[in-house]
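The values are calculated or read from the model by the stated rules, or taken from the named source; none is laboratory data. Note that the coordinates shown come from a computational prediction; the quantities given were computed from them, not determined experimentally. Backbone-built Cβ (ideal geometry, glycine too); neighbour counts: all protein chains shown.
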Amino acid sequence: MIRTLPSSRRYRLTFRLFVALYFLLLFAPLVVTMVLAFNDSLFPSLPWEGFTLDWFFGEGPRKYGIFHDRTNLRSLAVSFRLALIVTALSTFLGTCAAFLFEQEEFPFKGALYFLMLAPLVIPGVILGISILMFANSLGLAVENRFDLYVSSLGPGFPLMALGQASFISTIVALVVAARLKKFDRSLEEAAYNLGANRAQVLRFVTLPYLRPSILGGAAMAFLLSFENFNTTLFLAGSQATLPINMYMQVRDGSTPVINAISLLLILGASLFAVANLYGRRKTEP
């Protein structure tokens, strides 16, 4: 539909109604979840029993707030530490993959590019099970062959980091490659003509141009790692991440502390997204 053309009153009303319903469907569950974080009830649902901050600062015995809940705080620390490691690993691998597929020609490039994209279309449950079975099989083979037990090949923190990086790095690669396609190769040639070597061209010409996309890819990697559940569920050992811990609480019956956690995550993700958007605008050449 061409927006500059005249439109009927019925069309304008229908369009506005569609926009209102769309955003209502999008944000109504989030608003309800955030409001219930202040509900003075022992159940994370209606009816409204009054306003309270106990689900944030309560010290018990009936109401433990998130800031005094050691289990949730411990899982939050695990998720944060895991997200930082996955972000660093995925950003490095994804950026290298973007350079590889956009600048180099080699045999079976198309097939390898398809394999790189495969984790994005494979369900997270299947991906998690596959990684777990592969790691267990590899660990069993190493133990039988060398009589050596490799703990990192079993469920636990290292396997969670490697499992998440296996598909999050692909997303980073696509983000960086999209900007790399627009890169003017003559800038590199000019730097070479002025006496710069390959490392200097990469450091002072190419990477500064790619900085916004690298930072954006890193931000996406952090958020995707922090909220990942399907794949991580099969790779976690004794250290449960926050999404897994929240799932277990909801499954077994939780208090509105789950809503308080959700509120903090929504606010944190929103602030993170705004900061990333502002940072990308500041780093745009």
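Scanning the stretch 117-160 for residues that are more than 14 Å from N230 (Cα to Cα) and among the small types (G, A, S) yields A118, A135, S137, G139, A141, S151, S152, G154, G156. Test G58 against the criterion of being modelled with pLDDT under 95, in contact with a Phe, Trp or Tyr (Cβ under 8 Å, 6 or more places away or on another chain) and among the small types (G, A, S), and give yes or no. Judged against the criteria, G58 is a match.
Quick grid of which residues meet (1) acidic (D, E); (2) modelled with pLDDT of 90 or more; (3) in a helix (DSSP H, G or I):
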residue	(1), (2), (3)
G195	no, no, no
A199	no, no, yes
L202	no, no, yes
Y209	no, yes, yes
Q239	no, no, no
Q249	no, no, yes
A273	no, no, yes
G279	no, no, yes
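Residues that are outside any loop (DSSP other than H, G, I, E, B) and closer than 21 Å to R251 by Cα within the stretch 36-55 comprise L36, N39, W55, listed in sequence order. A count restricted to the stretch 175-205 and to residues that are crowded, with 18+ Cβ neighbours inside 10 Å and either under 28 Å from V78 (Cβ atoms) or under 26 Å from the mean Cα position of the chain (by Cα) (or both) stands at 5. Has the stretch 99-106 got any residue that is buried (at least 19 other Cβ atoms within 10 Å of the Cβ) and not aromatic (F, W, Y)? Checking the stretch 99-106: not a single residue is buried (at least 19 other Cβ atoms within 10 Å of the Cβ) and not aromatic (F, W, Y). Within the option set G128, G110, being in a helix (DSSP H, G or I), in contact (Cβ under 8 Å) with a residue 12 or more places away in the chain and either farther than 30 Å from A178 by Cα or not aromatic (F, W, Y) (or both) holds for one residue only, G128.
Regarding S213, is this residue in contact with a Leu (Cβ under 9 Å, 6 or more places away or on another chain), polar (S, T, N, Q) and either free of Cβ contacts under 8 Å to residues at least 60 places away in the same chain or not in a helix (DSSP H, G or I) (or both)? Spelling it out, S213 is indeed in contact with a Leu (Cβ under 9 Å, 6 or more places away or on another chain), polar (S, T, N, Q) and either free of Cβ contacts under 8 Å to residues at least 60 places away in the same chain or not in a helix (DSSP H, G or I) (or both).
In the set A83, A88, only one residue is crowded, with 20+ Cβ neighbours inside 10 Å and in a helix (DSSP H, G or I); that residue is A83. When the stretch 56-73 is filtered for residues that are farther than 16 Å from F38 by Cβ, touching a residue at least 40 places away in the same chain (Cβ under 8 Å) and not β-branched (V, I, T), the ones remaining, listed by number, are D69, N72.
Of the residues making up the stretch 15-34, those that are of a type in the set (A, V, I, L, M, F, W, C) and in contact (Cβ under 8 Å) with a residue 40 or more places away in the chain are L30, M34.
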